[in-house]
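Contents: one structure, followed by commentary.
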Amino acid sequence: MYSILQVKSSIRVPPNLLSKDLREAVKTAVQKEFTGSIGKEGLFLLVIDVKEIGSGTIIPGDGAIYYETIFDVLTYKPLLQEIVDGEVSEVTEFGVFIRMGPIDGLVHVSQVMDDYVNYSNTGMLTGKESKRTLKVKDTVRARIIAVSLKSLKGTKIGLTMRQPGLGKHEWLEAEKVAAATPVKEKTERSKKPGKEKYSKKSEKK
């Protein structure tokens, strides 16, 4: 889920930025410190605006100036049970990686579809019975079932596509069309007139 959060923090503005306009210098320092980092709020993507800049503080032995700053930042935090749309970025024997915005999640091979799945060396998963395929660049819909946000490289997102309304977009469209198509009533075939055999008992007069 994307969110815009307001954050208050003491921002270190290094000497090489002090010649710039103060707001520009502080925003550059905030972007360098926060963009791409992960906190309890999620992944920090972009500093949108600097709202307030307090008075600067100098620490002896440090040539930088520290400013108490309030700023708005765009974040992304994957939530358990959240439905996400994404694109297949990699296919492996153990599952597929889905690019969902700024990070990737993994759909284990057991969670791809309700079918036995085969992996080919061409980088494709194929359902044994359904013949459904999944490859790089395919767009899918999945549900988040596991989240671990320890660090940018250590982030692990588990996904599933084995629930109603989930899967490759192409499969979902086909299911929608099939559901909207009325079931044709079976009509009985009219029997062709044929010779009927009767057994007649001779009547005694």
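The values are calculated or read from the model by the stated rules, or taken from the named source; none is laboratory data. Bear in mind that the values here come from a model prediction, so they are computed numbers and not experimental data. Note that we place each Cβ from the backbone using ideal geometry, even for glycine, and neighbour counts take in every protein chain shown.
Quick one: in segment 54-73, which of the residues that are more than 36 Å from the chain's Cα centre (by Cα) and either of a type in the set (A, V, I, L, M) or not assigned by TED's automatic domain parsing to the domain that holds K20 (or both) is nearest to S9 (Cα to Cα)?
Once the filter is applied, the top-ranked residue is I65.
Out of (1) assigned to a loop (DSSP other than H, G, I, E, B); (2) over 20 Å from V147 (Cβ atoms), the odd one out for Q81 is which?
Here Q81 meets the rest and fails (2).
So W171 ticks every box in (1) assigned to a strand (DSSP E or B); (2) out of contact with any Pro (no Cβ under 6 Å at 6 or more places or on another chain); (3) surrounded by 18 or more Cβ atoms within 10 Å (Cβ to Cβ) but one. Which box is left unticked?
Of the numbered conditions (1) assigned to a strand (DSSP E or B); (2) out of contact with any Pro (no Cβ under 6 Å at 6 or more places or on another chain); (3) surrounded by 18 or more Cβ atoms within 10 Å (Cβ to Cβ), the odd one out for W171 is (1).
Which of the residues that make up segment 17-40 are within 14 Å of L74 (Cβ to Cβ), free of Cβ contacts under 8 Å to residues at least 40 places away in the same chain and surrounded by fewer than 15 Cβ atoms within 10 Å (Cβ to Cβ)?
Across segment 17-40, the qualifying residues are T35, G39.
From the list V136, V140, V147, pick out the single residue that is within 15 Å of the chain's Cα centre (by Cα) and modelled with pLDDT under 95.
V147
Between V88, V112, V117, which is in the same structural domain as T155 (by TED's automatic domain parsing), touching an Asp or Glu at 6+ places or on another chain (Cβ under 7 Å) and closer than 30 Å to D138 by Cβ?
V88
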